[in-house]
Every structure is written in C-alpha cells, then in structure tokens.
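A short write-up of the structure that comes next.
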Amino acid sequence: MEFLDITTALAPAEATSPTPVDADMVKDVVSGLSATQKFLPSRWFYDDEGSRLFQKIMIMPSYYPSRVEHEILVRRAQDLVRWIAPSSGEVDLIELGCGDGTKTVSLCTALHDAGVPLAFHAIDVSAHALAELSTRFKHELPQVAVHALRGDYFQRWPSVYALRKQVAMFLGSNIGNLPIAQAIGLLKRIRSRLKRGDLLLLGVDLQKDPRAVLAAYNDVEGVTAQFNLNLLSRLNRELGMNFDLTAFRHYACYSPIDGAARSFLVSTVEQTVRSTQLARTFHFRAGETIYTEQSQKYTFDTVEELAASGGFTVCDHITDAREWYSISVLGAH
Ligand code: AVI
C-alpha cells in the first residue's frame with residue numbers, strides 16, 4: 001500500500017517529462033471511434049486543462065450540483081454526523097476522488113467539533129489535488145490525521161484497522177458518469193471492503209425541472225463546450241491526432257424519460273482524422289456525433305435500486321430543501 005509522501009507529490013520529473021502513451025486510452029479511442037455510434041469515455045476529460053475547466057464549471061451559476069452538494073455538507077452536517085459517529089471507537093472516513101478537499105473539510109470540521117475521533121483517508125489520481133488537500137487540512141483542521149493515497153479509486157483502498165467503523169464517501173455526483181454496469185461494479189467493490197454496519201455516503205444528482213438540468217450542461221458562457229472540446233486537444237497532443245477543433249461543436253441534451261443528460265461532439269463537416277501514434281484514420285460524416293459523457297440524474301427509487309444491486313440498503317437521503325441533490329446514506333448489510 002503506497003501512501004503519498006506529499007513532499008514528492010509534485011516532483012519535477014512528473015511536471016516536465018512528456019506524457020507516456022496510455023494503453024487504456026489507446027484502447028478506448030480505437031474502439032470508441034470505430035463504433036457505429038462513436039463514443040469516448042468521459043474519464044479522459046481530466047488532463048490539467050480539463051481539470052482547470054471543470055473547476056470553472058463548478059463555480060458557474062448554471063452548474064448547480066457542486067453548489068447544492070456543498071450546501072448539504074454545510075447545512076445538514078449534523079444529520080451526516082449522526083450517521084457517521086460510531087457507537088464506540090474511531091472512524092475511518094475514506095473519500096474516493098477527494099480532489100482538493102474543498103468538499104469535505106466542512107464535514108470533517110463538524111465531525112471533529114462533535115468529538116468524533118477521526119482519521120481521514122483521501123484517495124485521488126491527482127498528486128496536485130492531494131497536495132492542496134493536505135495544505136488545506138494543515139491550515140484549517142490540523143487536529144485531523146490525513147492519509148493521502150494517490151491512485152485510481154477503482155483499484156486502491158487504504159490500510160485500516162478491521163475493527164474501526166469505516167465510512168466511504170463518493171461525492172460530486174461522479175457515480176452518474178459511469179455506465180450502469182460500472183456503477184454497480186464500483187459499489188460492489190466498495191461493499192467488499194466494508195463490514196456490516198459500515199456506510200457509504202453517495203452524492204447523487206436528482207431528477208428535476210429538465211430545463212435546470214439542461215442549463216447546467218449547456219451554459220451560455222460556453223465553458224462546458226470548451227471542457228468537451230478539450231478532449232480532442234488532449235488526443236491531438238497525446239495520440240498525435242489531428243482533430244480540427246473548429247470543425248466540432250458541443251451538443252448537450254437531457255431526457256426526463258431515462259434521467260440522462262448526455263454530451264456529444266458533433267462533426268460539422270465530412271472529415272477524416274488521423275493519428276500518427278495509432279497509425280489509424282477515423283472518418284466522420286457531416287453531423288455525425290461522438291458521445292462523450294453521460295450524467296445520470298436519479299430518483300429516490302433509482303438510487304435504492306442501484307444501492308441494492310451494489311449490496312447496500314438506503315438508510316437515508318440527505319437533501320437540500322428543493323430536493324435537487326442527495327447525499328444518500330447507504331448501509332452495508
Ligand atoms: C464530474 N461530473 C459529475 C460532472 C457532471 O456533472 O457530470 C462533469 C461535467 N460535465 C459537464 N459538466 C460537468
């Protein structure tokens with residue numbers, strides 16, 4: 001188990017060496033761009049520029065999920081504390097995809113103020129985000145022990161004492177970006193690490209007025225469009241592709257029937273895109289789309305179905321006043 005030494009998190013080698021070709025990216029691009037409905041998994045959005053653009057999205061007025069989730073973490077902290085507080089002993093709080101800790105520091109403060117003995121295990125792929133999280137906790141909550149673990153939350157789990165209560169957290173509505181089979185797979189994996197009585201706090205975006213959902217992915221500022229198009233810049237850079245970014249447009253839609261917001265890149269002309277690294281060409285008809293992201297919106301019933309498929313039962317849905325978003329408390333049974 002590798003715990004990140006924050007002093008080496010931003011080693012110069014990492015900052016300067018060219019990005020090696022990622023075999024998973026190659027597989028995804030070849031299969032996605034050869035399919036009848038072209039697709040590219042949204043996990044590839046998050047290079048440095050993509051992460052910077054996502055930070056920008058999170059503070060846009062139309063992008064409500066981050067703001068509402070934050071409001072729940074602050075305003076309903078006591079309800080969360082009641083679920084998290086163990087009957088005895090300490091609690092290991094394990095956040096999958098913690099980012100820079102902005103989401104969780106207020107909850108950890110509430111737990112600390114309530115006298116809950118706490119160790120915070122923060123897992124993220126970004127060394128930069130983990131370094132920021134550690135600095136934030138050092139300044140704002142030095143009393144809480146932070147264990148930063150760098151890696152993919154599909155694979156990593158911290159070392160914890162078997163007898164302590166574990167509370168896993170998967171916030172940010174990130175579950176909604178996973179195809180259903182992967183979402184269930186992730187819940188099952190988390191469940192396999194927990195014992196009876198442990199919890200998973202799952203951040204889910206709820207179904208609401210379709211116009212509010214659509215506005216979040218179709219902002220007038222065009223930041224989501226830049227975020228979507230940045231995927232093509234990344235492939236140009238990392239796979240030697242020659243996507244012309246002016247010949248693709250962002251398109252977002254939302255279907256209240258299945259609760260899915262979907263994003264696409266539309267080829268505005270007939271064109272052929274090449275990759276020197278892959279020695280492949282990909283043809284696009286004018287109007288042809290690449291499906292780049294699904295952001296699932298749930299009802300309480302669909303959260304319950306998802307939880308059951310992953311081996312959990314829903315103990316509570318902790319929501320904002322309008323019920324736009326829920327931090328659902330799932331119990332390992
Ligand atoms: C990270 N994820 C939950 C965001 C979402 O809402 O699906 C990513 C995003 N895509 C466009 N805007 C934000």
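The values are calculated or read from the model by the stated rules, or taken from the named source; none is laboratory data. Computed from a predicted structure; not experimentally measured. Note: ideal-geometry Cβ built from the backbone for every residue, glycine included; neighbour counts use all protein chains shown.
Among the residues of the stretch 126-177, which ones are aromatic (F, W, Y) and either more than 16 Å from the ligand (Cβ to nearest atom) or under 22 Å from V68 (Cα atoms) (or both)? Explain how you work it out, then say what you get.
Of the residues in the stretch 126-177, the ones aromatic (F, W, Y) are 137, 153-154, 157, 161, 170.
Selection gives F137, W157, Y161, F170.
Can you pull out every residue in the stretch 150-172 that is farther than 21 Å from L80 by Cα and within 22 Å of the chain's Cα centre (by Cα)?
R150, G151, D152, Y153, F154, Q155, R156, W157, P158
From A212, A247, A216, which residue is in the same structural domain as G32 (by TED's automatic domain parsing) and of a type in the set (A, V, I, L, M)?
A247
For A183, are the conditions met, namely being within 16 Å of the ligand (Cβ to nearest atom) and not assigned by TED's automatic domain parsing to the domain that holds V81? Steps first, answer last, please.
Details: within 16 Å of the ligand (Cβ to nearest atom): yes; not assigned by TED's automatic domain parsing to the domain that holds V81: no.
In short, no.
In this structure, does G287 turn out to be crowded, with 18+ Cβ neighbours inside 10 Å and away from the ligand (no atom under 16 Å from the Cβ)? It would help to see each step written out before you state the result.
Details: crowded, with 18+ Cβ neighbours inside 10 Å: no; away from the ligand (no atom under 16 Å from the Cβ): yes.
In short, no.
Name the single residue, out of those in the stretch 145-169 being of a type in the set (V, I, T) and under 19 Å from L187 (Cβ atoms), that is surrounded by the most Cβ atoms within 10 Å (Cβ to Cβ).
Just the residues of the stretch 145-169 that are of a type in the set (V, I, T), to begin with: 146, 160, 167.
Filter once more, so that each one left must be under 19 Å from L187 (Cβ atoms): 160, 167.
Values: V160: 17, V167: 23.
So the residue we want is V167.
Only one of (1) in a helix (DSSP H, G or I); (2) in contact with a Ser or Thr (Cβ under 8 Å, 6 or more places away or on another chain); (3) free of Cβ contacts under 8 Å to residues at least 40 places away in the same chain is not met by F120, so which one is it?
Among (1) in a helix (DSSP H, G or I); (2) in contact with a Ser or Thr (Cβ under 8 Å, 6 or more places away or on another chain); (3) free of Cβ contacts under 8 Å to residues at least 40 places away in the same chain, F120 violates only (1).
Within the stretch 47-86, restricting attention to residues that are in a loop (DSSP other than H, G, I, E, B) and free of Cβ contacts under 8 Å to residues at least 60 places away in the same chain, which residue is surrounded by the most Cβ atoms within 10 Å (Cβ to Cβ)?
Among those that are in a loop (DSSP other than H, G, I, E, B) and free of Cβ contacts under 8 Å to residues at least 60 places away in the same chain, it is A85.
Quick check on the stretch 248-261. Is at least one of its residues of a type in the set (F, W, Y) and buried (at least 21 other Cβ atoms within 10 Å of the Cβ)? Step through it out loud before you land on a result.
Filtering the stretch 248-261 down to residues of a type in the set (F, W, Y) leaves 248, 251, 254.
Adding the requirement that they be buried (at least 21 other Cβ atoms within 10 Å of the Cβ) leaves 248, 254.
Yes, the conditions are met somewhere in the stretch 248-261.
Starting from the stretch 245-267, keep only residues that are more than 15 Å from L206 (Cβ to Cβ), then list their pairs with residues that are among the basic types (K, R) whose Cβ atoms are within a distance under 6 Å, requiring at least 6 positions of separation or different chains.
C253/R262; V266/R249
Filter the stretch 173-205 down to the residues that are farther than 26 Å from R76 by Cα and of a type in the set (K, R), then identify the one that is surrounded by the fewest Cβ atoms within 10 Å (Cβ to Cβ).
K188
Does R274 qualify as being touching a residue at least 24 places away in the same chain (Cβ under 8 Å) and more than 21 Å from the chain's Cα centre (by Cα)?
Numbers: touching a residue at least 24 places away in the same chain (Cβ under 8 Å): yes; more than 21 Å from the chain's Cα centre (by Cα): yes.
Yes: the conditions hold for R274.
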